[in-house]
Each structure stands twice: as structure tokens, then as C-alpha cells.
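Peer 1: Quick one: structure below, then a few questions.
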Amino acid sequence: MNKPVMTEEQLLAQPAEAYMSEEQQAFFRDLLTRERESLRERIDEEFQALRNNDNIPGDAADVGSAEEHRQWQLRMLEREKKLLDKIDESLDRLANGDYGYCEETGEPIGLRRLLLRPTATLSIEAKERQEQIERHVGET
């Protein structure tokens, strides 16, 4: 029988030396898997809704409004698909032992950041540097 996954409070109460221990990895694996399942269900529901609304008869305003809603749904599906890919990448990093460590510096990303954004690949400092560079490049 599988050992129950710890709670968020238990995770945060662990000492720094326990960072990305088997227990912590199990916590994030469970969190990412649940997020993945929930996201898959939403994507399937949205996709089905798009299919069901393909040929809505009506006047030009109704058709235009329906098309605008359809475009919004497609953009949302695209964003959710990108998130699904990030979740899969995070699960791969967990399997490889790279999860929880900054891709740029190799330093721990931190439990609080991972709880807020389980798909994070950069520490806060590295992310801020990346955003500063993007702003600087955008200004030129």
C-alpha cells in the first residue's frame, strides 16, 4: 500500500536538508499529476463544446458573436495545451531528478515558489534577470 502524500504544511515544515527528498518529490508528483488530470478534463470539455457549437444558425450578429467566442475558446485551449506540455516536462524532470532546481543556476527553486508555480524551471532571481533582459531588449 502506498504511503500517503504529505500535506502542504508538512512539506513547508521540513528542514532545508530535506529539499527534494523522496517524500517531497512524491508530493510534487502527486500535485502535478492531479493538475494534469484536471487540465485534461477541461481541455476535453472545451474541445467538445467547440465541436457542438460548429454550425449555429442565426443572424449575422449571432454568427459574429459565436465566432468571437470560438476564437476565445481556441486561444484558451492553446494556453491550456502549453500548460499541459509544461506539466509533462515537469514530470519528466521529476523522473530525471532535475525537478526543483533552476535550469540556469542549478540552485534550488524553493518550495514556496514550486507550490505557487509547480512548473517553474527558474529561481525567482533567474526569472527576474530573464525579465529584465526581455524588457531591455524590448526597449531597443
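Peer 1: Exactly one of these conditions fails for Leu39: (1) farther than 22 Å from Gln14 by Cβ; (2) out of contact with any Leu (no Cβ under 6 Å at 6 or more places or on another chain); (3) surrounded by 15 or more Cβ atoms within 10 Å (Cβ to Cβ); (4) not hydroxyl-bearing (Ser, Thr, Tyr). Give me its number.
Peer 2: So the condition that Leu39 fails would be (2).
Peer 1: Additional query: Could you tell me whether Glu134 is over 30 Å from Gln25 (Cβ atoms) and surrounded by 15 or more Cβ atoms within 10 Å (Cβ to Cβ)?
Peer 2: no
Peer 1: Determine whether Ile109 is at pLDDT 90 or above, in contact with a strand residue (DSSP E or B) (Cβ under 7 Å, 6 or more places away or on another chain) and β-branched (Val, Ile, Thr).
Peer 2: Considered against the rule, which asks whether it is at pLDDT 90 or above, in contact with a strand residue (DSSP E or B) (Cβ under 7 Å, 6 or more places away or on another chain) and β-branched (Val, Ile, Thr), Ile109 comes out as yes.
Peer 1: Then there's this: Checking Arg112 against (1) more than 14 Å from the chain's Cα centre (by Cα); (2) outside the structural domain of Glu41 (by TED's automatic domain parsing); (3) surrounded by 13 or more Cβ atoms within 10 Å (Cβ to Cβ), which single condition isn't satisfied?
Peer 2: (3)
Peer 1: Name the residues in region 22-47 that are free of Cβ contacts under 8 Å to residues at least 12 places away in the same chain and either within 17 Å of Glu89 (Cα to Cα) or assigned by TED's automatic domain parsing to the domain that holds Leu111 (or both), would you?
Peer 2: Hits for region 22-47 are Arg34, Glu37, Ser38.
Peer 1: Any idea which of (1) farther than 26 Å from Arg129 by Cβ; (2) touching a Pro at 6+ places or on another chain (Cβ under 9 Å) is the one Arg42 doesn't satisfy?
Peer 2: (2)
The values are calculated or read from the model by the stated rules, or taken from the named source; none is laboratory data. It should be emphasised that the depicted structure is a prediction, and the values quoted were computed from it without experimental measurement. Cβ sites come from the backbone with ideal geometry, for glycine too, and all protein chains shown count toward neighbours.
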